[in-house]
Structure formats: structure tokens, C-alpha cells
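The values are calculated or read from the model by the stated rules, or taken from the named source; none is laboratory data. Predicted, not measured: the structure shown is a model, and the values here were computed from it. FYI the Cβ positions are ideal-geometry reconstructions off the backbone, even for glycines, and counts take in every protein chain you see.
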Amino acid sequence: MSPRPPLIRLSAPMIWFVGFWLMLWADVSVANVLSGLLLAGGVGMITRRIATRTDDDTIRLSPVGVIVFAGHVVWQLVKSNLVLAWEIVTPRNTIATGSVDVPLRSASPVVAMAVSNVVTLTPGTATIDMTEVPPTLTVGVLHLHDPDQIRRSVVRTETLAIRAFGTVGARAALRKEAP
Amino acid sequence: MIIATSVFLGLAGILIVIRLLIGPTVADRVIAADALLVTAMCGVIVSAAHSDSAVGVDTVLVVALLSFIATGVLARYIERRGSA
Amino acid sequence: MSVVGGILLMTGALFVLIGAVGIVRFDTPTERLHAAAKGPTLGLMLVGAGAAVTIGSAAATVGIVAVIVLQLLAGPIGTHMIGRAVEHDPG
């Protein structure tokens with residue numbers, strides 16, 4: 001962790017920021033790009049103490065991984081809605097709610113947020129809490145019958161997320177696990 | 001098909017408003033308000049599709065942002081002050 | 001093209017309705033939270049897809065993509081915050 005973060009640094013989040021800014025304006029003009037860069041720089045300066053980077057923090061995007069991950073997300077969302085429709089029609093019992101702690105492998109905020117969001121969109125589960133050290137995700141489950149199945153499902157989601165936009169370090173760890 | 005879509009959304013809105021009025025806890029009302037805003041966003045998008053113009057899409061984006069902030073603020077309120 | 005769009009719109013509205021029924025029917029705030037998190041999200045995605053297909057202009061599609069991305073990112077976060085508030089409810 002660097003002792004004093006640099007004042008401003010052109011980084012990938014800035015590019016995403018400017019891209020989103022341009023999308024909001026729906027018009028790619030010089031004025032928009034410049035104002036976007038100004039704003040991105042301003043936000044970056046304000047938040048530079050929060051965002052510290054270590055060496056293996058570089059995120060690598062894999063297009064195939066992203067597509068697979070997006071498909072996974074949509075499929076989970078569709079399944080949740082079908083399960084929801086079924087649960088509406090059948091008689092309810094609220095006996096078996098519980099929470100499961102799932103240890104995560106990577107501490108990357110992008111992967112953690114992606115997994116947390118997808119878990120909330122998965123049938124019957126929602127993220128309750130997340131701790132960074134050690135990286136753990138606490139999942140609240142509506143019908144808890146098998147905690148290990150929940151863990152396996154979350155870990156699988158995390159694997160797909162790492163393959164899509166994991167850091168170099170996380171991808172290496174992933175390869176070491178499953179040769 | 002537009003009729004069916006509007007009927008579905010209208011029914012959904014009425015049901016959510018029922019929960020908004022009844023819901024015993026503040027959390028219930030916050031959940032209902034968020035869902036009601038999403039339903040309204042869907043309504044605006046459907047009307048944009050029906051009139052074949054992208055008029056309301058900017059409004060929808062702003063509503064989405066505001067609803068997120070409102071939900072977050074209300075959630076913190078419930079944590080601090082309690083509901084019911 | 002508008003048939004596909006119409007079907008997408010209608011299916012999206014149907015899922016919003018399913019979510020709304022869940023919100024009204026379930027007994028505890030946690031279950032209602034689950035219903036509100038999943039139903040309207042997919043409904044919005046399908047409705048957005050239907051509108052993008054029907055309108056077809058670049059500006060509309062870009063705007064709708066932005067709305068869907070925002071909902072997918074911010075929606076579960078809001079759900080999580082309310083879930084935590086319901087758990088740590090002091091009163």
C-alpha cells in the first residue's frame with residue numbers, strides 16, 4: 001500500500017466513468033469528453049484515499065468469460081422468478097430460514113460485488129453481510145436444507161466471475177486449484 | 001398485446017400500493033416503494049415503446065438513480081431508529 | 001420485429017406482476033424482500049429488451065442499456081441494505 005496515493009492517475013475506472021458519462025449524454029462530442037474527464041478526475045481525487053492498489057490488483061477482462069458470466073446471471077434471474085411464481089401458488093412454510101457463511105477466494109472488490117449481486121438474484125438466497133478480512137460472504141437463505149449446496153453454488157458463481165473479470169492474482173490461484 | 005402489458009403493470013401497481021398501505025413495518029413500505037418505482041419505470045418504457053420514441057428513457061434513468069439513493073437512506077434510517 | 005418486442009414487453013410485465021403478488025402475499029418482510037428483488041428486476045430487463053427491439057434507435061437502446069445496468073448493479077445493493085436493516089432492527 002503506497003504511503004501517499006498519487007494526486008491523479010489515468011486508470012481504467014476513469015475510462016469506464018467517462019464512457020458511462022458519454023452514454024448518459026448520448027452524444028460523443030469534445031465538450032462531453034472533456035467534462036467527463038474533469039468529473040472523473042475530480043471524483044478520483046476525492047476518493048483516492050479509499051481506493052488503494054497493490055501490485056496484483058490489475059483486473060483482466062476476458063470477453064468470453066464476461067459473456068458466460070452474463071448468461072449465468074440471466075439464467076439465475078429467470079430461475080428465481082420461476083421459483084417465485086411456484087412459491088406463490090403453493091402453500092407456504094417459513095420454518096427453515098437461515099444464514100450460511102461462504103469463504104471467498106479473492107478479495108477483489110469487483111469480483112466480490114459481482115458475486116454478492118448475483119447471489120441476491122439467485123433463487124432463494126440474498127446477501128446479508130460481507131467481510132473483507134478474511135473474505136467471507138454471509139448469505140441469507142429462505143429454505144435452508146443443505147448449507148454445503150449453497151456454498152458450492154456461491155463458489156461456482158465466484159469462479160465464473162473470476163474468469164470474467166478477476167485480477168491476475170486471483171486467476172493464478174484459480175488455475176492452481178483445478179489443473 | 002399492449003393492453004395485456006398495461007393490465008399486468010396496472011395490477012402490479014395496485015397490489016404493491018396495497019402492501020405500501022398495509023405493510024406493518026417501515027421496511028415493508030420501503031420495499032413496496034422501491035418495487036412501485038420499478039413498476040412505474042416499466043410503465044414509462046412500455047409507453048415509449050408504444051409511441052415508438054425514446055422520450056421517457058432519460059426520466060427512467062433518473063428515477064432509477066433516485067430510487068436507489070432513497071432505498072439506501074431509508075435502510076440506514078431503519079437500522080438506526082427501528083421500524084414499526 | 002414488433003411481435004418479438006410485444007412478447008418481450010408482455011412477459012416482462014407478467015414477471016413484474018408475479019413479483020408484486022409475492023410482495024402482497026408473503027408473510028414476513030424477508031420473503032417480501034426476496035420477491036421484490038427478483039421479480040421487478042427481471043421484469044424491467046425484459047421490458048427494456050422489448051422496448052429496445054421495438055424502438056430500435058441507438059439513443060433509446062443506449063439509454064435502456066444504462067437503465068438495466070444500473071438496476072442490476074444498484075438493485076441487489078439496495079436489497080442487501082434493507083435485508084441488513086431488517087436483521088439489525090432495534091425496534
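Residues of region B:32-52 that are within 7 Å of chain C (Cβ to nearest Cβ) and either under 16 Å from the mean Cα position of the chain (by Cα) or surrounded by fewer than 17 Cβ atoms within 10 Å (Cβ to Cβ) (or both): B:ALA32, B:ASP34, B:ALA35, B:VAL38, B:THR39, B:MET41, B:CYS42, B:ILE45, B:VAL46, B:ASP52. Of the residues examined, B:VAL57 is one that is within 7 Å of chain C (Cβ to nearest Cβ), under 16 Å from the mean Cα position of the chain (by Cα) and surrounded by 16 or more Cβ atoms within 10 Å (Cβ to Cβ). The sole residue among C:THR28, C:THR11, C:THR61 that is of a type in the set (S, T, N, Q) and within 30 Å of C:ASP89 (Cβ to Cβ) is C:THR28. Among the conditions (1) at pLDDT 80 or above; (2) over 19 Å from the mean Cα position of the chain (by Cα); (3) surrounded by 14 or more Cβ atoms within 10 Å (Cβ to Cβ), A:LEU38 misses just one, which is (3).
Could you tell me whether region A:130-153 includes any residue that is within 19 Å of C:LEU72 (Cβ to Cβ), within 14 Å of chain C (Cβ to nearest Cβ) and touching a Phe, Trp or Tyr at 6+ places or on another chain (Cβ under 8 Å)? Checked against the condition, which is being within 19 Å of C:LEU72 (Cβ to Cβ), within 14 Å of chain C (Cβ to nearest Cβ) and touching a Phe, Trp or Tyr at 6+ places or on another chain (Cβ under 8 Å), region A:130-153 yields no hits at all. Can you say whether B:ALA70 is of a type in the set (Gly, Ala, Ser) and within 8 Å of another protein chain (Cβ to nearest Cβ), as far as the supplied structure shows? In short, no. Identify the single condition in (1) in a helix (DSSP H, G or I); (2) within 7 Å of chain C (Cβ to nearest Cβ) that B:TYR77 does not satisfy, given that it satisfies every other one. (2) is the only condition that B:TYR77 fails. Given the condition loosely packed, with under 14 Cβ neighbours inside 10 Å and within 14 Å of the chain's Cα centre (by Cα), answer yes or no: does some residue in region A:147-162 qualify? Yes, region A:147-162 has at least one match.
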